[in-house]
Amino acid sequence: MTDVNIIHESKQEHGLSREVLMNLGPQHPSTHGVLRLLLQMDGEIVKRIEPHIGLLHRGTEKLCESFTYTQIFPLTDRLDYLCQPSNNLGYALAVESLLDIKAPERAQYIRVLMAELSRISGHLLITGALPMDVGAITTLLYTMRDREMIMDLMEMISGARMHTSFCRVGGVREDLPDGCAERIIEFCDIFENSISDYENLVGNNRVFLARVENVGNITGEDAIALGLSGPCLRASGVDWDIRRDAPYEIYDRLDFNVIVRTDGDCYDRWKCRVDEMHESLKMIRQCVAQMQPGPFLLDDPKIAFPVNKDLLAHSMEAHIHHFKLAAEGFKVPKGEVYTAIEAPKGELGFYIVSDGSEKPFRVKIRAPSFVNLQALTDRTTNLKYLADVIAMIGSLDPVMKEVDK
């Protein structure tokens with residue numbers, strides 16, 4: 001139930017005028033999760049917005065301190081739960097940097113392939129949810145239909161539709177199953193046409209455009225000052241993408257365009273994500289074409305479980321390594337590191353301090369949804385009406401589990 005407090009009331013020529021404080025959320029469909037906004041309103045005019053977060057806080061960073069490095073992967077799944085492979089990848093890269101190791105080439109291709117599939121999965125949700133927020137529900141039904149195909153692929157690869165936990169320090173848990181590459185290419189062929197359908201369905205719809213064009217504009221300077229990243233930053237005209245400007249894994253071998261727009265309004269943030277799905281498809285096709293047979297996990301029994309399961313039945317040494325790795329984990333040299341990747345919502349960073357033991361001393365996560373949510377203020381945007389606030393939240397595409405951590 002929305003709570004309203006009257007803070008000022010006066011009689012005007014045209015009638016009674018009221019200035020009120022209104023709670024939007026924390027349980028409201030348009031807040032995309034457990035988010036409470038305290039709105040100071042003068043009629044329909046928004047005079048001040050005050051976001052209140054923390055209602056979904058789970059202490060992820062603190063939990064990491066009592067888990068081994070391998071046990072932390074499932075925790076990362078639960079940050080942006082639409083794009084788990086990206087979260088796994090960002091964390092794995094940070095630990096591998098501390099260990100000074102690199103995953104085998106095939107593992108890097110599999111990681112990037114899954115990260116781009118999850119990017120499409122994340123973008124699909126908001127491609128349909130933003131039109132729904134402003135009154136057009138049909139697109140969401142189509143995007144959810146197509147997202148099912150990605151969920152099926154995730155299940156085929158990892159055995160899980162959502163919380164994949166597929167990355168490991170030194171590679172990935174398993175190789176791609178037989179027939180997976182063909183299924184992925186089949187998805188690319190089908191989905192390419194679907195993106196055009198979305199653009200035709202709502203991209204040129206005058207009602208949708210009236211609700212999102214020239215609403216919630218953020219300039220490039222403000223976007224940088226706020227620390228925005230990902231599509232929220234590029235929609236404001238800032239040409240920055242970690243995949244191209246600070247490449248990791250095999251992104252430097254892929255040919256893709258960084259989508260940049262200029263107006264920085266709700267429409268540009270929506271369109272940026274739609275166009276990025278085209279680029280993700282290009283990258284997925286290249287990964288499948290370039291990927292060569294080879295190991296998918298580092299051959300180091302003190303860090304990674306043995307790929308050859310038969311070895312466990314015949315080698316006592318392999319058995320001991322397996323037991324110690326499962327029970328105690330592996331030690332990481334003393335030091336600290338920050339690594340960042342271009343996750344679907346923006347820059348996802350992991351800062352890890354190691355004291356040389358099997359568990360991290362400190363983990364700090366730079367969650368893009370948390371930083372991007374700062375743009376939800378009347379100081380940096382041209383939000384005017386209550387209805388604009390709804391469009392603005394949708395265009396920022398926050399995942400509250402990632403915001404609260």
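The values are calculated or read from the model by the stated rules, or taken from the named source; none is laboratory data. Note that this is a predicted model, so its numbers are computed, not measured. Note that we place each Cβ from the backbone using ideal geometry, even for glycine, and neighbour counts take in every protein chain shown. All accessible areas refer to the heavy atoms of the entire protein, side chains included, with ligands and DNA or RNA removed. Shrake-Rupley method; radii C 1.70, N 1.55, O 1.52, S 1.80 Å.
Summary of values
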| read-out | value |
| --- | --- |
| In the stretch 56-88, the residues that are in contact with a strand residue (DSSP E or B) (Cβ under 6 Å, 6 or more places away or on another chain) and not polar (S, T, N, Q) | LEU56, GLU61, CYS64 |
| Residue in the stretch 87-110 that is over 17 Å from LYS302 (Cα atoms) and in contact with a Lys or Arg (Cβ under 7 Å, 6 or more places away or on another chain) present | yes |
| From ASP268, ASP263, ASP197, ASP222, residue being farther than 21 Å from SER86 by Cβ and in contact with a Lys or Arg (Cβ under 7 Å, 6 or more places away or on another chain) | ASP268 |
| Some residue of the stretch 311-332 being touching a strand residue (DSSP E or B) at 6+ places or on another chain (Cβ under 6 Å) and open to solvent by less than 50 Å² (accessible area, probe 1.4 Å) | yes |
| Failed item in (1) closer than 22 Å to LEU21 by Cβ; (2) under 20 Å from the mean Cα position of the chain (by Cα), with VAL389 passing the rest | (2) |
| Failed item in (1) in contact (Cβ under 8 Å) with a residue 40 or more places away in the chain; (2) open to solvent by 20 Å² or more (accessible area, probe 1.4 Å); (3) under 25 Å from the mean Cα position of the chain (by Cα); (4) more than 28 Å from LEU125 (Cβ to Cβ), with PRO360 passing the rest | (2) |
| Qualifying residue in the stretch 267-282 (condition: out of contact with any strand residue (DSSP E or B) (no Cβ under 6 Å at 6 or more places or on another chain), surrounded by 17 or more Cβ atoms within 10 Å (Cβ to Cβ), closer than 29 Å to GLU96 by Cβ and of a type in the set (Gly, Ala, Ser)) | yes |
| Filter pass, THR127 being of a type in the set (Val, Ile, Thr), closer than 26 Å to LYS364 by Cα and surrounded by 18 or more Cβ atoms within 10 Å (Cβ to Cβ) | no |
| Residues (among the aromatic types (Phe, Trp, Tyr) and either in contact with a Gly (Cβ under 9 Å, 6 or more places away or on another chain) or part of a loop (DSSP other than H, G, I, E, B) (or both)) located in the stretch 353-399 | PHE361 |
| The stretch 41-72, residues that are buried (at least 17 other Cβ atoms within 10 Å of the Cβ) and modelled with pLDDT under 85 | MET41, VAL46 |
| Subset of the stretch 61-75 (residues that are farther than 18 Å from LEU297 by Cα, under 16 Å from the mean Cα position of the chain (by Cα) and touching a residue at least 40 places away in the same chain (Cβ under 8 Å)) | PRO74 |
| Count - residues of the stretch 22-40 that are open to solvent by 50 Å² or more (accessible area, probe 1.4 Å) and either of a type in the set (A, V, I, L, M) or in a strand (DSSP E or B) (or both) | 3 |
| Any hit, the stretch 26-47, residues being farther than 30 Å from GLU213 by Cα and touching a residue at least 24 places away in the same chain (Cβ under 8 Å) | no |
| Cross-chain or 6+ apart pairs with Cβ under 7 Å, the stretch 283-310 first and surrounded by fewer than 16 Cβ atoms within 10 Å (Cβ to Cβ), then modelled with pLDDT under 85 and in a helix (DSSP H, G or I) | LYS302/HIS321 |
| ALA210 being free of Cβ contacts under 8 Å to residues at least 40 places away in the same chain and surrounded by fewer than 17 Cβ atoms within 10 Å (Cβ to Cβ) | yes |
